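Please read the structure below before turning to the comments.
The values are calculated or read from the model by the stated rules, or taken from the named source; none is laboratory data. Remember, predicted model here, so these are calculated numbers, not experimental data. Heads up, the Cβs are rebuilt from the backbone with ideal geometry, glycines too, and the neighbour counts pull from every protein chain shown. What goes into the accessible areas is simple: the full protein's heavy atoms, side chains included, and nothing from ligands, DNA or RNA. Shrake-Rupley method; radii C 1.70, N 1.55, O 1.52, S 1.80 Å.
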Amino acid sequence: MSDDSINLLERLVHNGVDFVIVGGFAGVVHGCTYVTQDIDICCDFSPANLLVLQKAISDLDPVHRMTPGRKRLALTEEACTQLKNLYLDTTMGQLDCLSVIGGLGDFDQVKQSSELVEVEGVKMRVLNLNALIKAKKSMNRPRDRQALLQLEAIKKLKDSK
């Protein structure tokens with residue numbers, strides 16, 4: 001993981017954002033070598049948690065990557081109730097915040113399928129290997145199928161020990 005990615009995740013942890021690392025970075029934590037350009041997290045989409053997330057990254061010039069004009073992130077409690085996902089660009093990289101993960105379910109279900117790991121000295125929740133494999137199978141995109149080959153090989157090695 002890049003220093004910027006670690007720093008971005010540390011900010012979320014230190015500010016108390018309730019999230020689980022999913023996607024490519026979760027694969028890297030489990031030993032996958034497939035490189036990803038963004039950080040995917042599944043998080044609690046309650047207004048309180050989203051406002052904490054906004055505060056954690058406010059000095060990183062966060063903008064909505066998928067909106068016309070790439071509007072600056074400016075959440076209100078009311079606006080938070082309308083959101084399902086946030087696709088953000090920051091000065092430390094892309095952060096995709098998802099409320100649901102295909103094959104697994106909503107944040108509570110994802111959190112139950114996660115484990116606490118230490119990444120660069122910071123403890124954070126990461127999707128466990130079995131759940132990550134299930135999610136990748138559900139997505140079924142070419143890049144997910146490539147990562148899936150490695151993840152299943154890693155699982156087979158771990159299971160044989």
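In the chain, the longest principal axis of the Cα atoms and the axis of helix 47-57 are about 90 degrees apart.
Sequence-ordered 3J(HN,Hα) estimates for segment 31-38 from the Karplus curve with 6.51, -1.76 and 1.60 and θ = phi - 60° stand at x, 6, 9, 5, 8, 10, 9, 10 Hz, glycine and proline given as x.
Net charge within 12 Å of V22 by Cβ-Cβ distance, Lys/Arg positive one each and Asp/Glu negative one each, not counting V22 itself? Once all neighbours under 12 Å are counted, the net charge is 0.
For segment 31-98, relative contact order (Cα pairs under 8 Å, six or more residues apart, normalised by length) works out to 42 percent.
If I take every Cα pair under 8 Å that is 6 or more residues apart in the chain, average their sequence separation and divide by the length, what percent do I get for the relative contact order? So the answer I get is 26 percent.
Legend: calculated FRET efficiency, S160 to Y87, from the Cβ-Cβ distance at R0 = 30 Å, rounded to 0.05, equals 0.20. The convex hull drawn around the Cα atoms of segment 60-134, when projected onto a plane and averaged over every direction, covers 6.5 nm².
Each of S58, S99 has its accessible area taken with a 1.4 Å probe; listed largest first, they run S58, S99. In sequence order, segment 130-140 has phi-based couplings of 4, 5, 5, 4, 4, 5, 4, 4, 5, 5, 6 Hz under the Karplus curve 6.51 cos²θ - 1.76 cosθ + 1.60, θ = phi - 60°, and Gly or Pro positions carry x. On the principal axes of its alpha-carbon atoms, segment 1-105 has extents of 40, 30, 29 Å, going from largest to smallest. A DSSP coil position with no more than 16 other Cβ atoms inside 10 Å describes the following trypsin sites (Lys or Arg not before Pro) in segment 26-102: R65, R70, K71, K84.
Once the other residues with Cβ under 14 Å from the Cβ of Q94 are scored (Lys, Arg +1; Asp, Glu -1), what is the net sum?
Net charge around Q94: -4.
Computed from the Cβ-Cβ distance with R0 of 35 Å, the FRET efficiency linking K71 to N140 stands at 0.65. The lysine pair count for segment 8-161, using Cα distances under 19 Å and pairs eight or more places apart or on different chains, is 16.
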